[in-house]
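In what follows, a structure is listed as structure tokens, so that the remarks can point back to it.
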Amino acid sequence: MQTIDMATTPLRELNAMLQAQAAKTNQTAWAIENPRGAHAVAVGLDAPIEVTVKGSTGYYCAGMNKQATVHVTGSAGPGVAENMMSGTVIIEGDASQYAGATGHGGLLVIKGNASSRCGISMKGINIVVYGNVGHMSAFMAQSGNLVVLGDAGDALGDSLYEAGLFVRGSVKSLGSDCIEKEMRPEHIAILTDLLARSGADAKPEEFKRYGSARKLYNFHVDHAGAY
């Protein structure tokens, strides 16, 4: 295992080493010590490596991730796994606002709570939150799935497109064009897979599904007040 101490190694140098790893690297395991809330830790990775960050991070940890598995043993600041393309990002603690924003693929697991706008404009990423999510989560979410084992705040799924939202707890309010939908066998299968992959201790039958009512796709004068 390659161990990097951020108390002595600058962030730019650390990221350069991680970004230099190729598909067939033999340096597959990395440990980052003393992150001390640094921003942009382990961003832009594009190799099948495993990176363990021993502590908490600041803004945009694991942003633009491809292929890599990034495991943060503490909490993460705003924008963790922003624009993620593939791979896995696991946060043992809490995540601040807009976790997984604009993510195109991969799996983001948050074992604590997530703040506001979790999954904003998600475009294919799968996000599993063990705790609660804040207001405006999945705002303008286009595709992918958001799974919440706890509760959801105000305006869940506001201006939603075709992402799937699964919540086990209560929802304070639904956003514009977001409605509760039937949980069909195909949705149970998706949820079963995501719960298993994320290691979450929950049963698919305990969740409710929410999705788009599809009334905001095209402007209609009779719906002008909803835009």
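The values are calculated or read from the model by the stated rules, or taken from the named source; none is laboratory data. No experiment lies behind these values; they were computed from the predicted model shown. A quick note on method: Cβ atoms are made from the backbone with ideal geometry, for glycine too, and the neighbour counts reach across all protein chains shown.
Structure notes:
- Listed conditions (1) over 29 Å from Gln142 (Cα atoms); (2) in contact with a Ser or Thr (Cβ under 6 Å, 6 or more places away or on another chain); (3) buried (at least 16 other Cβ atoms within 10 Å of the Cβ) are all met by Thr52, apart from (2).
- Counted residues, the stretch 101-152 - those being farther than 15 Å from Val80 by Cα, hydroxyl-bearing (Ser, Thr, Tyr) and assigned to a loop (DSSP other than H, G, I, E, B): 1
- Qualifying residue in the stretch 153-174 (condition: on the phi < 0 side of the Ramachandran plot, modelled with pLDDT of 95 or more, assigned to a helix (DSSP H, G or I) and in contact with a Phe, Trp or Tyr (Cβ under 9 Å, 6 or more places away or on another chain)): no
- Selection status of Tyr98, part of a loop (DSSP other than H, G, I, E, B), farther than 19 Å from Ala141 by Cβ and among the hydroxyl-bearing types (Ser, Thr, Tyr): no
- Checking each residue in the stretch 19-34 for being at negative phi and either in contact with a Lys or Arg (Cβ under 7 Å, 6 or more places away or on another chain) or among the polar types (S, T, N, Q) (or both) picks out Gln19, Gln21, Thr25, Asn26, Gln27, Thr28, Ala31, Ile32, Glu33.
- Residue satisfying all of: in the stretch 4-49; among the polar types (S, T, N, Q) and surrounded by fewer than 12 Cβ atoms within 10 Å (Cβ to Cβ); farthest from the chain's Cα centre (by Cα) among these: Thr8
- Selection over the stretch 175-225 of residues that are at pLDDT 95 or above, small (Gly, Ala, Ser) and either part of a helix (DSSP H, G or I) or over 27 Å from Gly131 (Cβ atoms) (or both) gives a count of 3.
- Subset of the stretch 71-89 [crowded, with 21+ Cβ neighbours inside 10 Å and in a strand (DSSP E or B)]: Val72, Ala76, Thr88, Val89
- Restricting the stretch 1-50 to residues that are β-branched (Val, Ile, Thr) and not in a strand (DSSP E or B), the residue that is nearest to Thr69 (Cα to Cα): Ile49
- Selection from the stretch 188-208 of residues that are crowded, with 19+ Cβ neighbours inside 10 Å and under 18 Å from the mean Cα position of the chain (by Cα): Leu191, Leu194, Leu195, Ser198
- For Ala68: the one exception among (1) touching a Pro at 6+ places or on another chain (Cβ under 8 Å); (2) surrounded by fewer than 18 Cβ atoms within 10 Å (Cβ to Cβ): (2)
- Only listed residue being closer than 16 Å to Arg168 by Cβ and not hydrophobic (A, V, I, L, M, F, W, C), chosen from Gly131, Gly106, Gly144: Gly131
- Every residue from the stretch 111-125 that is over 12 Å from Tyr98 (Cβ atoms) and in contact with an Asp or Glu (Cβ under 9 Å, 6 or more places away or on another chain): Lys111, Gly112, Asn113
- Qualifying positions in the stretch 174-211 - in contact (Cβ under 8 Å) with a residue 40 or more places away in the chain and β-branched (Val, Ile, Thr): Ile190
- Members of the stretch 173-187 found to be acidic (Asp, Glu) and loosely packed, with under 15 Cβ neighbours inside 10 Å, listed by number: Glu180, Glu182, Glu186
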